[in-house]
Amino acid sequence: MRYAFIADIHGNYEALKAVVSALKYDRPDVKLCIGDIVGYGPEPKPCISTVIEEGFFVLAGNHDHGVAGLVDESVFNYFAREALLWTRDQLAPDEMKYLASLGFAAHFKGFAMAHGSLHGPELFNYIQTLFDAELSFEALDKNLFFYGHTHVPMVFFNTTPMTYTMSGDIAVTETNRCLVNIGSVGQPRDEDPRACYVIYDTEEKHLYFRRVPYNVQATAKKIVEAGLPEALAIRIELGK
C-alpha cells in the first residue's frame, strides 16, 4: 500500500494544485489530509472542494475548527486571527459544517495520525521538543504516528536516548517507532517555500519526503489583494 499524507494547506490553492498534480506520479492507494485546510491563505473555498473531490480522508486542524467556531479565536495570534475572521466570511454554511465535522485522530493498520500531539489530540498541542514527543510515544500503540501543525518536516525516533532527523527519506523497520511530521503544503516554515508532503510505502517499508515547487508569488499577490495581512505574503515567500 502507498499512502500519501498532506497537511497545513492553509488556503493556498496554488500549492495544493501542485501537490495534487505531483500525486498523479506517486499513485497512492490512499490519500490523507491531517488538518488545516484553511487559515492564512486567500483561497479557502477551492482548497476545501479539492480535498473532497480528490477523495482525501481528512482530519481537523486548529484553524479548521477555529473558522468553524469550535476553537476560541482568542487563542490565535494576531495574523492568524485576522485570517480566521476573514476566512469565516468567505465560506458558505455547508463548508463551515464540513470543517466542524472533521475528527481529531484516526488509527489505521500500522499507524495513527492527528494534526498535533496524539496525547490529547483535541487540544492541538505542538510536538516541538523531546518531552512533547515522549508524550505522543506514550499514547501510541503502533509503529508510526503522522502529524503536522508545526509546518516543519521532522521525524522523532523512539530510541534511547531519543533521536530525530530533519532531512532525508526514512527506512521503516518493525522495531523502529517514529513520529513523522509531514511538513506543510501551503505554509512551510523550514526556510524552503516549496510545498511538502510524504509518501509511505508499506511494501518498500520506506517514508519519502517530497518537495514540490509552485507559484509562490501568485499566492502572495492573492493574499495582499484579498486584504489579508501583508506579513502572511512575505512569510510564504521566505518559507518561515
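The values are calculated or read from the model by the stated rules, or taken from the named source; none is laboratory data. Please read all numbers here as calculations on a predicted model, not as lab measurements. FYI the Cβ positions are ideal-geometry reconstructions off the backbone, even for glycines, and counts take in every protein chain you see.
Observations on the model:
- Number of the condition not met by residue 145 [criteria: (1) free of Cβ contacts under 8 Å to residues at least 40 places away in the same chain; (2) farther than 21 Å from residue 4 by Cα]: (2)
So that you can scan it fast, the table gives a plain yes or no per residue for (1) surrounded by fewer than 16 Cβ atoms within 10 Å (Cβ to Cβ); (2) modelled with pLDDT of 95 or more:
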position	(1), (2)
62	no, yes
72	yes, no
91	no, yes
100	yes, yes
124	no, yes
137	no, no
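- Selection within the range 1-14 - out of contact with any strand residue (DSSP E or B) (no Cβ under 8 Å at 6 or more places or on another chain) and either acidic (Asp, Glu) or surrounded by fewer than 18 Cβ atoms within 10 Å (Cβ to Cβ) (or both): 8, 14
- Where strands (runs of 3 or more DSSP E) fall entirely within the range 159-215, those with at least 2 residues that are among the aromatic types (Phe, Trp, Tyr) are at 195-201, 206-212.
- Residue check, residue 55 of a type outside the set (Phe, Trp, Tyr), at pLDDT 95 or above, crowded, with 22+ Cβ neighbours inside 10 Å and on the phi > 0 side of the Ramachandran plot: no
- Residue match in the range 218-232 (condition: within 16 Å of the chain's Cα centre (by Cα), of a type in the set (S, T, N, Q) and modelled with pLDDT of 95 or more): no
- Residues within the range 15-39 that are of a type in the set (Asp, Glu) and surrounded by fewer than 24 Cβ atoms within 10 Å (Cβ to Cβ), tallied: 2
- Qualifying residue in the range 98-111 (condition: under 16 Å from the mean Cα position of the chain (by Cα), hydrophobic (A, V, I, L, M, F, W, C) and closer than 17 Å to residue 151 by Cβ): no
- Just one residue in the set 114, 133, 139, 171 is under 17 Å from residue 7 (Cα atoms) and among the aliphatic types (A, V, I, L, M); that residue is 114.
- Test: residue in the range 47-62 that is of a type in the set (Gly, Ala, Ser), more than 21 Å from residue 215 (Cβ to Cβ), in a helix (DSSP H, G or I) and without any contact (Cβ under 8 Å) to a residue 40 or more places away in the chain: no
- Out of 32, 99, 23, one residue alone is in a helix (DSSP H, G or I), under 20 Å from residue 212 (Cβ atoms) and of a type outside the set (D, E, K, R). It is 23.
- Which listed residue, of 46, 42, is surrounded by fewer than 18 Cβ atoms within 10 Å (Cβ to Cβ), modelled with pLDDT of 95 or more and within 20 Å of residue 223 (Cα to Cα): 46
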